[in-house]
Amino acid sequence: MSHTNYKLNTLLIHAGVEPDPTTGAIMTPIYQTSTYVQEAPGKHKGYEYARTQNPTRTVLQNALAAIEKGKHGLCFGSGLAATDAIMKLLKPGDEVISTNDLYGGTYRIFTKVFQPYGLKFHFTGMSDVQAAAALITDKTKMIWVETPTNPLLNIIDIEAFAKLAHQHNILLVVDNTFASPYLQNPLTLGADVVIHSATKYLGGHSDVVHGAIIVNRDDLHEQLTFIQNACGAVPGPHDCWLVLRGIKTLHVRMQRHCENGEKVAKYLRSHPKVEKVYWIGFEDHPNHDVAKKQMRGYGGMISFVLKGDNMDDALQVLSGTHLFSLAESLGGVESLIGHPASMTHGSIPREERIKNGLADSLIRLSVGIEDVDDLISDLAHAIG
Ligand code: P1T
């Protein structure tokens with residue numbers, strides 16, 4: 001199916017998906033196989049071995065490319081497996097400039113896995129392009145941007161960073177996990193590589209761990225396809241099928257995540273016990289104008305701190321909700337509450353976290369698609 005003729009809501013349901021050629025099955029079958037029989041050596045139907053290619057994965061890869069408005073999609077066993085593949089584009093001695101507010105596991109793979117292999121990372125706030133530009137040297141080969149950031153919901157101007165990166169022949173990678181392709185398409189803003197933890201909004205049901213990369217450039221696709229096969233961090237076909245099924249409702253889920261997120265953020269901001277709410281839809285969010293320019297909505301992620309910045313009060317909220325389950329992850333239909341300092345961002349040294357504004361008492365919400373009145377009552381009860 002041609003990608004260009006249909007709007008996103010149609011692509012989410014149809015892109016890449018054709019009736020199964022052997023049976024007419026409308027849903028892509030789960031090709032649970034490790035290999036494919038060849039008629040004669042080298043004479044096959046395009047599939048040789050399932051680490052290299054799998055038809056369920058091919059359909060998902062094409063669907064991901066279409067919904068991110070890119071040319072090529074590639075799937076991995078997790079978001080971090082996708083990150084791992086992207087970093088293998090680099091060589092010892094290369095330098096990376098990255099957002100200083102980002103998923104703790106991404107920080108961990110950068111500093112604990114790739115730094116010892118000779119890559120150098122600079123972490124900086126990216127609301128100011130010039131501050132990042134000052135870190136560029138002739139060794140800088142990649143700028144890594146997470147926007148919105150996890151968990152402080154900072155917004156980074158993708159177009160401005162694409163311009164900066166390309167002036168210096170540097171790759172711009174954007175982690176689009178928090179926005180999802182429904183709210184933002186970084187490739188159309190000049191990014192070279194888009195990465196997703198498809199575990200989150202793309203899968204949407206907290207039942208699969210999966211990663212995705214989308215690119216336009218054929219040379220990057222070729223290199224990443226080589227790494228995908230050579231290193232082998234591929235997802236199984238059933239996981240691909242779950243993500244394919246999740247994508248079909250991304251638009252209706254995201255609409256409700258955005259509506260509920262807005263109501264919960266406004267409720268929290270009006271609460272006398274709440275000190276600060278991090279939500280990108282507030283007009284006084286420091287980079288609201290950039291969010292408005294590059295995104296089509298504000299999503300369901302919110303962080304907040306209570307007045308007094310007291311850990312005991314935060315713990316009471318974290319263990320006092322019933323509908324919001326205390327768990328890592330985000331982007332599923334059910335609401336989650338989390339404590340970044342001890343959970344998702346526990347691998348970042350405390351000193352580093354505090355310096356970048358991530359307080360010990362920060363609470364993060366992934367607002368689900370339940371009835372928003374019930375969600376607000378749940379928070380009201382827990383905050384007290
Ligand atoms: O968990 P995995 O599928 O490997 O994805 C890693 C990842 C990458 N990028 C972002 C922005 C992420 O938020 C994540 C995973 N994040 C969580 C598990 C979390 O609760 O924040």
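Table for the structure above
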| item | result |
| --- | --- |
| Filtered residues of segment 143-154 (kept if more than 10 Å from the chain's Cα centre (by Cα) and buried (at least 23 other Cβ atoms within 10 Å of the Cβ)) | ILE143, TRP144, VAL145, PRO151, LEU153, ASN154 |
| Failed criterion for HIS339 (all others in (1) within 16 Å of the ligand (Cβ to nearest atom); (2) within 21 Å of GLY203 (Cβ to Cβ) hold) | (2) |
| Residue list for segment 21-45, restricted to those being in contact with a helix residue (DSSP H, G or I) (Cβ under 9 Å, 6 or more places away or on another chain) and either of a type outside the set (Val, Ile, Thr) or not assigned by TED's automatic domain parsing to the domain that holds HIS72 (or both) | MET27, PRO29, TYR31, GLN32 |
| Breaking point among (1) closer than 26 Å to MET254 by Cα; (2) assigned to a helix (DSSP H, G or I); (3) without any contact (Cβ under 8 Å) to a residue 24 or more places away in the chain, for ILE376 | (3) |
| In segment 28-80, residue surrounded by the most Cβ atoms within 10 Å (Cβ to Cβ) [restricted to those that are part of a loop (DSSP other than H, G, I, E, B) and within 16 Å of the ligand (Cβ to nearest atom)] | GLU68 |
| Every pair of residues 6+ apart whose Cβ atoms lie under 7 Å, when the first sits in segment 74-91 and is under 11 Å from ILE195 (Cα atoms) while the second is more than 7 Å from the ligand (Cβ to nearest atom) and among the basic types (Lys, Arg) | CYS75/ARG57 |
| Residues of segment 102-129 satisfying the condition of being of a type in the set (A, V, I, L, M, F, W, C) and either open to solvent by 80 Å² or more (accessible area, probe 1.4 Å) or in a strand (DSSP E or B) (or both) | PHE121, PHE123 |
| Any hit, segment 5-16, residues being part of a loop (DSSP other than H, G, I, E, B), of a type in the set (Ser, Thr, Tyr) and open to solvent by 10 Å² or more (accessible area, probe 1.4 Å) | yes |
| Residue match in segment 193-210 (condition: crowded, with 24+ Cβ neighbours inside 10 Å and more than 27 Å from ARG256 (Cβ to Cβ)) | yes |
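Residues checked against (1) among the β-branched types (Val, Ile, Thr); (2) outside any helix (DSSP H, G or I); (3) farther than 18 Å from ASN185 by Cα:
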site: ARG269; (1), (2), (3): no, no, yes
site: LYS276; (1), (2), (3): no, yes, yes
site: HIS285; (1), (2), (3): no, yes, yes
site: VAL290; (1), (2), (3): yes, no, no
site: LYS293; (1), (2), (3): no, no, no
site: GLY308; (1), (2), (3): no, yes, yes
site: GLN316; (1), (2), (3): no, no, yes
site: THR321; (1), (2), (3): yes, yes, yes
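The values are calculated or read from the model by the stated rules, or taken from the named source; none is laboratory data. Every value quoted in this text rests on a predicted model; they were computed, and no experiment measured them. In this analysis, Cβ positions are derived from the backbone assuming ideal geometry, glycine residues included, and neighbour counts consider all displayed protein chains. Just so you know, the surface numbers come from the protein's heavy atoms only, side chains and all, with ligands and any DNA or RNA stripped out. Shrake-Rupley method; radii C 1.70, N 1.55, O 1.52, S 1.80 Å.
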